[in-house]
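Asker: Okay, handing you the structure first.
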Amino acid sequence: MRNIASAGGVGAFVSTPEQTTAATSSSNQPTTAAAGGGGGSSTDSGAVAVKPVRSETTTGVLFGIGAYGLWGLLPLYFFVLQPAGAIEIVANRIVWSLVFCALLITITRSWRTLFAAVKDRSVMGPLALAAGLIAVNWLTYTFGVTTGHAVETSLGYFINPLVSVLLGVFVLKEKLRPLQWAAVGIGFVAVGVLTFSYGQLPWIALLLAFSFGLYGFVKKKVGPKVDALTSLSVETVVLAPFAAITMVVLGATGVATLTTQGPGHFWLILASGVITAVPLLFFGASARRLPMTTIGLLQYFAPVLQFIVALTVFHEAMTTARWIGFCVVWLALVLLTIDMLRTARKNAVLRRQAKLAAA
């Protein structure tokens, strides 16, 4: 996996809980695909035809929009699962994700890879920690959506790139560029404005941003060692016993809704495994085809959609002070995006110059 602290800056492309999982195996993949099998065309010299780069880029963008679009619309899924609460939803999501991962591993014949990852302490340790962080993230997100704080959950994913920049400074000892410093400073101002608006710290947003920022940091440590499916499978294996016990306790105390709200509700909850994995696979397909700069821009689809859903479907209130706070956050993200694009352009020029010098 490309180091999160690389040229684009630590906050350039981190967004959603599932995103980092997919990126661990996809960022080093080729950007063009060879024509298939024996039916593919070739030249007289035997060279195999490849798909045009533009076609691959378009495909990557479509997969990226699909992934971030599904993540952005996830609050609607939680909405239709009512009256299930956050704890029940997350417990079921973990258990049925594990079942779906087991099915995919069987289809792809990847059990050896999974067992090797579990036996490797350098992989299992970080992934166990990542599992705890993503559980906190999922619980916080689901709690926010199901208790009328969907706007604040979208804020968490808007703030996430700023948190990643802070991790770069304090953990990775990075030196920030002027625009990055400005973005971080503006981000602190935004938190102050929003604290005034909410009457307290926007803890749901901050917990989401910091839990996933730390999740991304931990995941990058094992990025080159495991693919996306193996990573997700190990994390769900770690969490599954706790999730299963939770489901049993909820059922025994009469709180569970899995089997009490009709067959439609039952199958909707079971679908959480697929709903977790499909956008992950879409993102993996996108990241194999696109530069991380493009991924960094596409990431804003998710919180933008979450924000729109919160206002138009859930009809959550937005006071003037909250609008001001969000606008300040968006200003910080604009500065980060400008810095990311400028740095990517500079690096592209340097690479071209290096190739010319080598030639």
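The values are calculated or read from the model by the stated rules, or taken from the named source; none is laboratory data. This is a predicted model, so every value here is computed, not measured. Don't worry about glycine lacking a Cβ; one is built from the backbone with ideal geometry, like all the others, and counts go over all protein chains shown. Keep in mind that these areas ignore ligands, DNA and RNA; they rest on the heavy atoms of the full protein, side chains included. Shrake-Rupley method; radii C 1.70, N 1.55, O 1.52, S 1.80 Å.
Asker: How much length is gained on full extension from Trp203 to Trp181, taking 0.36 nm per residue of separation minus their Cα-Cα distance?
Answerer: Extending this stretch completely gives an extra 5.6 nm.
Asker: Ignoring ligands, DNA and RNA, how do Arg288, Arg112 rank by accessible area with a 1.4 Å probe, largest first?
Answerer: Reading off the accessible areas and sorting them downward yields Arg112, Arg288.
Asker: Using only the Cα atoms of segment 72-162, construct the convex hull and provide its projected area averaged over every direction, in square nanometres to one decimal.
Answerer: Value for segment 72-162: 7.4 nm².
Asker: Need one number: the % of Cα-Cα pairs in segment 138-257 sitting beyond the 22 Å mark.
Answerer: Every Cα pair in segment 138-257 considered, those over 22 Å come to 52 percent.
Asker: Can you list the equivalent-ellipsoid semi-axes of segment 73-229, largest first and in whole Å, using the square root of 5 times each Cα gyration tensor eigenvalue?
Answerer: 31, 24, 11
Asker: Okay, moving on. Sort 117-124, 60-67 for me by packing, meaning the mean count of neighbouring Cβ atoms within 10 Å per residue, highest on top.
Answerer: 60-67, 117-124
Asker: Here's another thing I want to ask about it. Kirkwood Rh, segment 270-359, all Cα pairs: how many Å?
Answerer: 16.6
Asker: Still on this structure, please answer the following. What distance in nm separates the two pseudo spin-label positions at Ala244 and Ile308, each 7 Å out from Cα along the beta-carbon direction?
Answerer: Result: 4.1 nm between the two label points.
Asker: For segment 131-177, I need the span (max minus min coordinate) of the C-alpha atoms along each principal axis, in Å, sorted largest to smallest.
Answerer: If we take the Cα atoms of segment 131-177, the spans are 39, 24, 9 Å.
Asker: Additional query: With a 1.4 Å probe and all protein chains left in place, how much of the accessible area of segment 134-288 comes from carbon and sulfur atoms, in whole percent?
Answerer: Answer for segment 134-288 is 76 percent, counting heavy atoms of protein chains only.
Asker: Taking the Cβ-Cβ separation of Trp267 and Ser122 as r and a Förster radius of 45 Å, what is the calculated FRET efficiency to the nearest 0.05?
Answerer: Efficiency, from the Cβ-Cβ distance: 0.70.
Asker: With all distinct Cα pairs included, what does the Kirkwood hydrodynamic radius of segment 154-194 come out to in Å, to one decimal, could you say?
Answerer: After inverting the pairwise mean of 1/r, the radius is 10.6 Å.
Asker: Report the semi-axes of the equivalent ellipsoid for segment 249-306 in whole Å, largest first, where each axis is √(5λ) for an eigenvalue λ of the Cα gyration tensor.
Answerer: Those come to 36, 13, 10 Å.
Asker: Hull surface divided by four, with the convex hull built on the Cα atoms of segment 207-301: how many nm²?
Answerer: 8.3
Asker: I would also like to ask the following. Checking the cross-link filter: which lysines have an alpha carbon closer than 22 Å to that of Lys220, excluding same-chain neighbours under 8 positions apart?
Answerer: Lys119, Lys173, Lys175
Asker: If you build the Cα gyration tensor of segment 225-265 and take the root of 5 times each eigenvalue, what three semi-axes come out, in whole angstrom, biggest first?
Answerer: 29, 14, 4
Asker: Can you give the local net charge around Lys346? Use residues other than it whose beta-carbon is closer than 13 angstrom to its beta-carbon, Lys and Arg +1, Asp and Glu -1.
Answerer: It works out to a net charge of +4.
Asker: Highest mean first, what order results for 279-287, 74-82, 166-174, 297-305 on Cβ atoms within 10 Å?
Answerer: The packing order, highest mean first, is 279-287, 297-305, 74-82, 166-174.
Asker: Within 10 Å, count the other beta carbons around each residue, average over each peptide in 199-212, 130-143, and list them highest first.
Answerer: 130-143, 199-212
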